[in-house]
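S.K.: Could you have a look at this structure, given as structure tokens, before my questions?
The values are calculated or read from the model by the stated rules, or taken from the named source; none is laboratory data. The structure displayed is predicted, hence computed values, not measured ones. Every residue, glycine among them, receives a Cβ derived from its backbone with ideal geometry; neighbour counts consider all protein chains shown. Heads up: the accessible areas ignore ligands, DNA and RNA and are worked out on the full protein's heavy atoms, side chains in. Shrake-Rupley method; radii C 1.70, N 1.55, O 1.52, S 1.80 Å.
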Amino acid sequence: MTTRCATVDRTTRETAISLNLDLNGTRQIDVSTGIGFLDHMLTSLAFHAGWNLKLKCTGDLEVDDHHTAEDCALALGEALSTALGDRSGIARFGSAYAPLDEALARAVIDLSGRPWPEIDLGLTRENLGEIATENLTHVFTSLAMAAGATLHIDVIRGFNDHHRAEAAFKALALALRQATAASGGVIASTKGTLT
Ligand SMILES: [Mn+2]
């Protein structure tokens, strides 16, 4: 398969992000967002997707975690879309379940070019580490919007919110592995376009 890499440098008044993504990676991962729990989740996503990911974000954490979480997800979604080019030769659809002890998550993705997130993590805590749990949902929605993906994530069970969130990121990683895998060399659309 051809090179599937992307670099994103994104600077606003709220965040400065530098990101390198290789979809055909060897799990070389270095994520530093300033939010420990977000680092943990994005590292898990990249690892189980089989990527190389270098992500450095300097954000306005003195305000709160929102801009950093959102902008890292937007940059990652943009990188994913860029790395896939015209999306020819990929499977397009992917679905996966991931358990983490008592928690079970399901992710279903279509790299359709049409952004549509439906995310239900069912988290009951206000925060996990230094991130508000509502911003973990926002990470998935922002990622789907920027990547041009229809993405459904449901956490089906689990009483530990750390487990529920981490299972969701792992399920997405496995679904993305399927959806971005080589398949047939053509654009997998009867319409003839996925962008
Ligand atoms: Mn964990």
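S.K.: Which ones in region 115-139 are in contact with a Leu (Cβ under 9 Å, 6 or more places away or on another chain) and either part of a loop (DSSP other than H, G, I, E, B) or under 13 Å from residue 176 (Cα atoms) (or both)?
M.R.: Of all residues in region 115-139, those in contact with a Leu (Cβ under 9 Å, 6 or more places away or on another chain) come to 115-119, 121, 123, 128-131, 133-137, 139.
Within region 115-139, 115, 121, 123, 129, 130 meet the criteria.
S.K.: Name the residue that is farthest from the ligand (Cβ to nearest atom), counting only residues in region 144-169 that are under 23 Å from residue 75 (Cβ atoms) and open to solvent by 40 Å² or more (accessible area, probe 1.4 Å). So that I can check it myself, show each step before the final result.
M.R.: Start the filter on region 144-169 by keeping residues that are under 23 Å from residue 75 (Cβ atoms), which leaves 144-153, 165-166, 168-169.
Remaining after also requiring open to solvent by 40 Å² or more (accessible area, probe 1.4 Å): 145, 152.
Details: 145: 26, 152: 23 Å.
Restricting to residues being under 23 Å from residue 75 (Cβ atoms) and open to solvent by 40 Å² or more (accessible area, probe 1.4 Å), the top hit is 145.
S.K.: Being open to solvent by less than 10 Å² (accessible area, probe 1.4 Å) and closer than 24 Å to residue 182 by Cβ is true for just one of 55, 76, 84. Which residue is that? Give the steps one after another, and end with the answer.
M.R.: Numbers: 55 fails: closer than 24 Å to residue 182 by Cβ; 84 fails: open to solvent by less than 10 Å² (accessible area, probe 1.4 Å).
Going through 55, 76, 84 in turn, the sole match is 76.
S.K.: Here's another thing I want to ask about it. Quick check on my filter: what residues within region 87-107 are more than 16 Å from the ligand (Cβ to nearest atom), crowded, with 19+ Cβ neighbours inside 10 Å and aliphatic (A, V, I, L, M)?
M.R.: Hits for region 87-107 are 90, 96, 107.
S.K.: Right, here's the next one. Across region 1-26, which residue is surrounded by the fewest Cβ atoms within 10 Å (Cβ to Cβ) among those that are of a type in the set (A, V, I, L, M) and under 30 Å from residue 64 (Cβ atoms)?
M.R.: Checking each candidate, the answer is 16.
S.K.: Here's something else I'd like to know. With the requirement that a residue be open to solvent by 50 Å² or more (accessible area, probe 1.4 Å) and within 14 Å of the ligand (Cβ to nearest atom), what does region 27-41 give you?
M.R.: The answer is 40, and nothing else.
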